[in-house]
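Novice: Please read through the structure below; I'll follow up with questions.
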Amino acid sequence: MKLMESGQMYLETIYVLSKEKSRVHSIDVSEYMGYSKPSVSRAIGILRSGGCVEMAEDGSLTLTEAGRALAEQIYERHTILTEFLVRLGVDRATAAEDACKMEHVISDASLVALKEFVES
């Protein structure tokens, strides 16, 4: 599934939050991203219809297998780019912010090269 940048950001956020909390709700996503509840609700609806997210009766969000795979890929891109920028001397906060923008446009070939560099 091909997601727009905003959909990728939501998936990554749910993934990150799920590593920190046992249950993730839309309000958690809203607070983490700084977006309004209606915006998050709309985005979650799109991700649900796309088969990336499931919502339990209590409102908790779970990534589907496909959603988790995409989220892990996005998170890995973010992590590699952040580490690369930090190694170049960029402070971690700025590196993470810039990586967030870059992760959506970098080619797979460039990412592989950066990953090899960071891991060496």
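Novice: In what order do C52, C100 fall by count of nearby beta-carbon atoms within 10 Å, going from fewest to most?
Specialist: Values: C52 24, C100 17.
Exposure proxy ranking, most exposed first: C100, C52.
Novice: Using only the Cα atoms, work out Rg/Rh for region 5-70, with Rh taken as the Kirkwood radius, to two decimals.
Specialist: Values: Rg = 10.3 Å, Rh = 11.4 Å.
Result: Rg/Rh = 0.90.
Novice: What is the order of I74, I106, fewest Cβ neighbours within 10 Å to most? Please report the intermediate quantities before stating the final value.
Specialist: On the way: I74 23, I106 15.
The most exposed by this proxy come first: I106, I74.
Novice: Which value in deg cm²/dmol, rounded to the nearest 500, describes the helix-derived mean residue ellipticity at 222 nm for the chain, given -39,500 (n - 2.57) per DSSP H run of n ≥ 4 and division by the residue count?
Specialist: On the way: 6 runs with 83 residues, N = 120.
Per the formula, -22000 deg cm²/dmol.
Novice: Could you tell me the relative contact order of the chain? Use alpha-carbon pairs under 8 Å, at least six residues apart, and round to a whole percent. Write out the running numbers ahead of the final one.
Specialist: Working: 113 pairs, mean separation 26.2, N = 120.
Over the chain, the number comes to 22 percent.
Novice: Just the Kirkwood number for the chain, please: inverse of mean 1/r across all distinct Cα pairs, in Å, one decimal. Walk me through the numbers on the way to the answer.
Specialist: Numbers: mean 1/r = 0.0668 Å⁻¹.
15.0 Å is the Kirkwood radius here.
Novice: Take every Cα-Cα pair in region 75-119 and report what % of them are more than 14 Å apart. Mind showing how you got there, number by number?
Specialist: Values: 388 of 990 pairs.
Looking at region 75-119, the distances longer than 14 Å represent 39 percent of pairs.
Novice: Also, I was wondering about something else. Show the residues, 5+ positions off or on another chain, whose built amide H is closer than 5 Å to the amide H of H25.
Specialist: Long-range HN contacts for H25: L61.
Each reported figure results from applying straightforward, stated rules to the coordinates on display, with no laboratory input. Quick caveat, the model's predicted, so the values are computed rather than measured. Note that we place each Cβ from the backbone using ideal geometry, even for glycine, and neighbour counts take in every protein chain shown.
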